[in-house]
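The values are calculated or read from the model by the stated rules, or taken from the named source; none is laboratory data. All figures in this text were calculated on a predicted structure; none of them were measured in a lab. Here the Cβ is made from the backbone with ideal geometry for all residues, glycine too, and neighbour counts use every protein chain on show. Ligands, DNA and RNA are excluded from the accessible area calculation, which covers all protein heavy atoms including side chains. Shrake-Rupley method; radii C 1.70, N 1.55, O 1.52, S 1.80 Å.
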Amino acid sequence: AGHVTLIDTHIRKGWKDNNTYPSERATDHEFIRRASLDIIGRIPTVKEIKEFEKRPADKRRSWLINAMVDGPEYGYGTEYAQNFANMWSIMLMTRSGSNKHHQGQMHEWLYDQFKGIDKKQPDWSVMARDLISAEGDTNRNGAVNFLLHNLGDEIKQDLNKNGKWDMVPATSRTTRLFLGIRTQCVQCHDHPFNGEWGQHHFWGINAFLRQSDSNGRPNPVGAKKKKGQVGNQDFTLKDRKDFNSNGLIGYERRNTLFLFTTPKFLNGKEMAKEFKGTRRQALAEFITTDPSFPKAFVNRMWGHFMGKSFTKDAVDDFGEHNPVSHPELLDTLAKDWAEKYAHNPKTLIRWICNSEAYGLSSRANEWNDKTDDET
């Protein structure tokens, strides 16, 4: 209840500061339809509506949210896990850039993770760490499909120096999805408006990924599907110490100067000399312990449930150009969710969906029908 109250307090202050007045409370019918679409990805059945209406009026909404993420009425979280696995399969592998066979593997892996394996609660930091550092075969470890679908171009010469894949799509998608930072803007030149990010940031992250090896790619460029071929081949992802062995990645500046970087995180940190794991494991550690990591997930979930994220524009593009509407609230939710609630997505769903704002009608009233009131 503490974090629901925290949300309510901050949002109410936002209304007051902006001289706007909230809409009416949504009807119970509106609420069950909305929560069903958001949490389990479908509209409620007649039977479910009747079950919901049987509950005491002041408790039925919180009962419904609990039932959907954990209760026997919705298969102990199976439908919520299916829905979030659907969403994340598309975000990690795109809708059109991957075939059904590999999407299915990714979906199955994500489903297990979001549901929680062996009675364990789901943990977003464990999921992210696995997606960034996973090794193995696509049919045994669905998590490897993320990087395999974002390998970029194959490098044909001097693998010892360059590595086998340029990992360009993987670099931008990794920072965008897990940190809410769009490094693809600085792949070829420093950010023109946002002084925080430069080219060296993009290639510093890229260097962590350059020891990735695969026996082919699931989505070859320009591949034409032959009749009867559905792309059911499986692939393997592993790391090779002899790829890009000196750890230097070269990139060209706009003024044609050629520079090099070693694997460097966005805050300038490098792998400890005594680090025993792979470079991808080091990157996963940097990402999942960075303050932007929980913030990015909280902001994305807020955007999913509220239809508008805390950031003014895109949900996954933190920076001065994209201000946050309630910075203190976002920071507190992210920090507590990470440190006290072990990055459990179910906890976050309970906080957001039990809040006063989530339970309001989407119809504007005479005090909040201006475009400025949207945020």
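Of everything in segment 78-98, what is surrounded by fewer than 21 Cβ atoms within 10 Å (Cβ to Cβ) and part of a loop (DSSP other than H, G, I, E, B)? Give them in sequence order. Of everything in segment 78-98, those that are surrounded by fewer than 21 Cβ atoms within 10 Å (Cβ to Cβ) and part of a loop (DSSP other than H, G, I, E, B) turn out to be T94, R95, S96, G97. Taking the numbered list (1) open to solvent by less than 30 Å² (accessible area, probe 1.4 Å); (2) under 21 Å from V126 (Cα atoms); (3) modelled with pLDDT under 95 in turn, F293 passes all entries but (3). In this structure, is F310 within 18 Å of the chain's Cα centre (by Cα), within 14 Å of I181 (Cα to Cα), of a type outside the set (D, E, K, R) and crowded, with 21+ Cβ neighbours inside 10 Å? Here the answer is no, as F310 does not meet what is asked.
Of these, N19, N66, which one is among the polar types (S, T, N, Q) and modelled with pLDDT of 95 or more? Just a single option satisfies the conditions, and that option is N66.
Just give me the residues in segment 246-270 being closer than 25 Å to N215 by Cα and either open to solvent by 60 Å² or more (accessible area, probe 1.4 Å) or among the charged types (D, E, K, R) (or both), in sequence order. The answer is N246, L248.
Just one of the listed residues (A334, A364, A338) is surrounded by 17 or more Cβ atoms within 10 Å (Cβ to Cβ) and in contact (Cβ under 8 Å) with a residue 60 or more places away in the chain, and it is A338. Residues of segment 2-14 that are touching a residue at least 12 places away in the same chain (Cβ under 8 Å) and surrounded by fewer than 17 Cβ atoms within 10 Å (Cβ to Cβ): D8, R12, G14.
Considered as a group, the residues in segment 271-289 that are open to solvent by 30 Å² or more (accessible area, probe 1.4 Å) and in contact with a helix residue (DSSP H, G or I) (Cβ under 9 Å, 6 or more places away or on another chain) include one that is farthest from L248 (Cα to Cα), and that residue is T289. Selection within segment 320-331: residues that are among the hydrophobic types (A, V, I, L, M, F, W, C) and open to solvent by less than 20 Å² (accessible area, probe 1.4 Å). The member of this set that is farthest from K13 (Cα to Cα) is L330.
Regarding segment 59-69, can at least one residue be identified that is free of Cβ contacts under 8 Å to residues at least 24 places away in the same chain, more than 27 Å from A85 (Cα to Cα) and surrounded by fewer than 16 Cβ atoms within 10 Å (Cβ to Cβ)? Yes: segment 59-69 contains one or more residues that are free of Cβ contacts under 8 Å to residues at least 24 places away in the same chain, more than 27 Å from A85 (Cα to Cα) and surrounded by fewer than 16 Cβ atoms within 10 Å (Cβ to Cβ).
Which residue pairs have Cβ atoms under 8 Å apart, sit 6 or more places apart or on different chains, and have a first residue in segment 121-144 that is of a type outside the set (V, I, T) and a second that is assigned to a strand (DSSP E or B)? Once the first residue is of a type outside the set (V, I, T) and sits in segment 121-144, its partners that are assigned to a strand (DSSP E or B) give A134/L237; E135/L237; E135/K238; E135/D239; G136/T236; G136/L237; G136/K238; D137/T236.
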